[in-house]
2 protein chains.
Amino acid sequence: MTAPNSVPIALREMGSFHIGGRHIEVSGRPVRDMLFTAGGVPVTLDPNGKYQVEQMYAQYFLVQQRRGKLPLMLWHGGGLTGVTYETKPDGTPGWLNYFLRQGWDIYLSDAVERGRSGWTDTFEGDPVFLPLHDSWERFRVGPIGSWNDDSAKRAPYPGVQFPIEAYEQFMKQGVPRWVTTDDATIAAYVALVDKVGPCAVLVHSQGCAFAFKVAEARPDKVTALVAVEPSGTGREENVAALRDVPIAVIYGDNAKDHPRWGQIRRNVSDYVDAIRKAGGSVDLIDLPDIGIKGNTHVVMMDRNSDEVAGVIQKWLERKGLVD
Amino acid sequence: MTAPNSVPIALREMGSFHIGGRHIEVSGRPVRDMLFTAGGVPVTLDPNGKYQVEQMYAQYFLVQQRRGKLPLMLWHGGGLTGVTYETKPDGTPGWLNYFLRQGWDIYLSDAVERGRSGWTDTFEGDPVFLPLHDSWERFRVGPIGSWNDDSAKRAPYPGVQFPIEAYEQFMKQGVPRWVTTDDATIAAYVALVDKVGPCAVLVHSQGCAFAFKVAEARPDKVTALVAVEPSGTGREENVAALRDVPIAVIYGDNAKDHPRWGQIRRNVSDYVDAIRKAGGSVDLIDLPDIGIKGNTHVVMMDRNSDEVAGVIQKWLERKGLVD
């Protein structure tokens, strides 16, 4: 039973919170008189003292007519935020609304140091900013060498499902990232599943490298895990913990033979093999192998995102997680 | 008719988008091999080229049973994001849910360079980070000199409505801000009201300095303006444009005689006088003068936030904006 996009979304509650993080001490910075806005009244700011760092933002939508037996978490990938799952760059509904209309309570978060989680200048190293061209090839909208500053001259993969006219709109969703905050990010996700309790986790790209490790640390909380286009893995030495956590791994089109994604996919496949050897259950699904063609790395923003969501919904049903 | 917090929220649609911003060109930065996540596959990043900057994130909630005649915008203040209006730091519902339950279509945004709007290192100057102690006195939870690192020794204003046990939780909502991005921020808000069309704007603190200027530029789009605890004003030379825009200005307790807020309030009062002289209509409401005591700068997070929201709702009704 698929609820069409015209069906209202009835929520028994919605809200948000920040979770996790810690306090650090900063000293030795000069006290200064600040003007926050032109025409305002100056304020003296003493920037020394304790700071809140590494907390994580989560927003929840609890449906009136619940069908999912557990809350469904939506965790995003690198350089992005929870917006990943909201309205797609082409203006049509994304997976947040899809899964709400399927009757799931949803927790949608922004990873540590991204979006509404906030950030400080106390992280190690510099943040990474992505130029406009970066995601075209890295997210497999087009093959290596197909980018052109002139949008009319860009050559996407034939039959690509990404709405290429909305590429610039998609890039507005980008946020910087640090590459030194993995441990803090994983700690905040652990705090989130500890707070919410047993849940299904649907996660994308870089988020999968975090989610596998969270599941290894909390197999009693991550009841099922759907890893969409993982760009990394958990730790092979910990896979025994995943013995009773059903896992689906999903890749879009043009991944297997891609110079970089082929290697990523092989690494993930090795990790999947290790989980299986430890007695775990993993379904590794290449979408083109089940007849769903043209998907990029950002599957949830592709034109056929509802079709792929349907694959995930059916998998969750088969795992007994839907009433 | 006040809908209690137990009433479900029925939405005919919800979604989000990024609006505004521009492309800039960056050059001369070294190409480098990156590893986004430990255990991943390296990628070569060319950081030169076009970048998307200064866009703004907005999320919309369109109610099933509409009573507000226009969409209601919720714009936040400095160092914060749209989370300002979501669940309060003490875990109880905030103004987003209050006004949804009153039947308003709502657009809730994160200002440029904050939260889900993203940021780049191309802004002028350094961002400002706020230590844990900063907001206690500046947001009038307690008087000047009342902060103590030991929470048991902090001395709030007597009868304060802020949930002081949730002060640390509140500080998790903070994000950095630049003080050089006012023009870009105003441009994005103008783009937002141009897209959405005539609307009522409810705005807090620093956001008011932006909203007054947006209303001056688009009096045909900002149909009514509720400025909660403004920390700045519009431009006196432009007040004639506000002749037909009904405005409410609301301050909490302990503002008038506060060393800094007293000056801010006098500046705003001068601006209000200028609007009135130009033929405009402004209601300047000091909450203690109407019997609502103990409110801080973050009125919407105080325990009695629903009571203050009721004052705003009734004002909007009096202005003919509710069916």
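Just so you know, all these numbers are worked out from the coordinates, no wet-lab data involved. Because the structure is predicted, anything quoted here is derived from the model rather than measured. Positions of Cβ are backbone-derived with ideal geometry, glycine not excepted, and every protein chain shown enters the neighbour counts.
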Open item on the list: Please compute the average number of Cβ atoms from other chains found within 10 Å of each residue's Cβ in peptide A:16-25.
Closed with: 4
- [ ] State, to one decimal in nm and shortest first, how far the label point of B:Q64 sits from each corresponding label point in the other identical copies (label point: 7 angstrom along Cα-to-Cβ).
- [x] 0.2
Open item on the list: Rounded, prolate or oblate, given the Cα gyration tensor of segment A:44-177, with a/c below 1.5 counting as rounded?
Closed with: oblate
Task: Convex hull of chain A built on C-alpha atoms - directionally averaged projected area, nm² - done: 19.3
Task: Net charge over other residues, Cβ less than 10 angstrom from the Cβ of A:F129 (K, R count +1; D, E count -1) - done: -1
Task: Shortest-first distances to equivalent copies, position A:T122, nm, label 7 Å out along Cβ - done: 3.1
TODO: Using per-residue counts of other Cβ atoms within 10 Å, averaged over each peptide, order B:184-193, B:280-289, A:152-161 from highest down.
DONE: B:184-193, B:280-289, A:152-161
Open item on the list: For a test of the definition: using alpha carbon positions, the gyration tensor, and the 1.5 limit on a/c, classify the protein assembly as shown as rounded, prolate or oblate.
Closed with: prolate
TODO: Among B:S6, B:S16, A:S205, rank each residue by its count of other Cβ atoms within 10 Å, from fewest to most, as a rough exposure measure.
DONE: B:S6, B:S16, A:S205
Task: Surrounding net charge for B:D257, when Lys and Arg each add one and Asp and Glu each subtract one, Cβ distance under 12 Å - done: +3
- [ ] Can you tell me the relative contact order of segment B:146-300? Whole percent, Cα pairs under 8 Å, sequence separation 6 or more.
- [x] 22
Open item on the list: Using DSSP to call loops (not H, G, I, E or B), can you name the trypsin sites (Lys or Arg not before Pro) in segment B:254-299 whose Cβ has at most 10 other Cβ atoms within 10 angstrom?
Closed with: none
TODO: Shielding by partners for B:110-122, please: the mean number of other protein chain Cβ atoms within 10 Å of each residue's Cβ.
DONE: 5
Task: Peptide B:6-12 - average C-beta neighbours from other chains (10 Å radius) - done: 5
Open item on the list: Could you check the spin-label model distance between A:V26 and A:S6? Points 7 Å from the Cα along Cα→Cβ, value in nm.
Closed with: 5.3
- [ ] Would you work out the relative contact order for chain B, in percent, from Cα pairs under 8 angstrom that are 6 or more residues apart?
- [x] 17
Task: Long-range amide H partners of B:D286 with built H, under 5 Å - done: B:Y251
Open item on the list: Using only the alpha-carbon atoms, how far is helix B:206-217 inclined from the longest principal axis of chain B? Give it as 0 to 90 degrees, nearest 10.
Closed with: 90
- [ ] Could you line up B:V201, B:V7 from fewest to most neighbouring Cβ atoms inside 10 Å?
- [x] B:V7, B:V201
Task: Per-residue HN-Hα couplings for segment B:77-83 [Karplus 6.51, -1.76, 1.60; θ = phi - 60°; Hz; x = Gly/Pro] - done: x, x, x, 9, 9, x, 4
TODO: Compare the peptides B:115-123, A:90-98, B:41-49 by average per-residue count of other Cβ atoms within 10 angstrom and give them in order, highest first.
DONE: B:115-123, A:90-98, B:41-49
Open item on the list: Distance between the C-alpha centers of segment A:190-206 and segment B:52-112? Whole Å please.
Closed with: 25
- [ ] Give me the net charge of A:Q169's neighbourhood, meaning all other residues with Cβ under 15 Å from the Cβ of A:Q169; Lys, Arg count +1, Asp, Glu -1.
- [x] +2
- [ ] Take B:T81, A:T87 and order them by how many other Cβ atoms sit within 10 Å, fewest up front.
- [x] A:T87, B:T81
- [ ] Sort shortest first the distances from B:I24 to its counterpart in every other copy, using label points 7 Å along the Cα-to-beta-carbon line, and give them in nm.
- [x] 2.5
Task: Distance (nanometres) between label positions extended 7 Å along Cα→Cβ at A:D244 and B:R276 - done: 7.0
Open item on the list: Ignoring everything except DSSP H segments at least 4 long, calculate the 222 nm mean residue ellipticity for the protein assembly as shown; use -39,500 (n - 2.57) per segment, divide by total residues, nearest 500.
Closed with: -7000 deg cm²/dmol
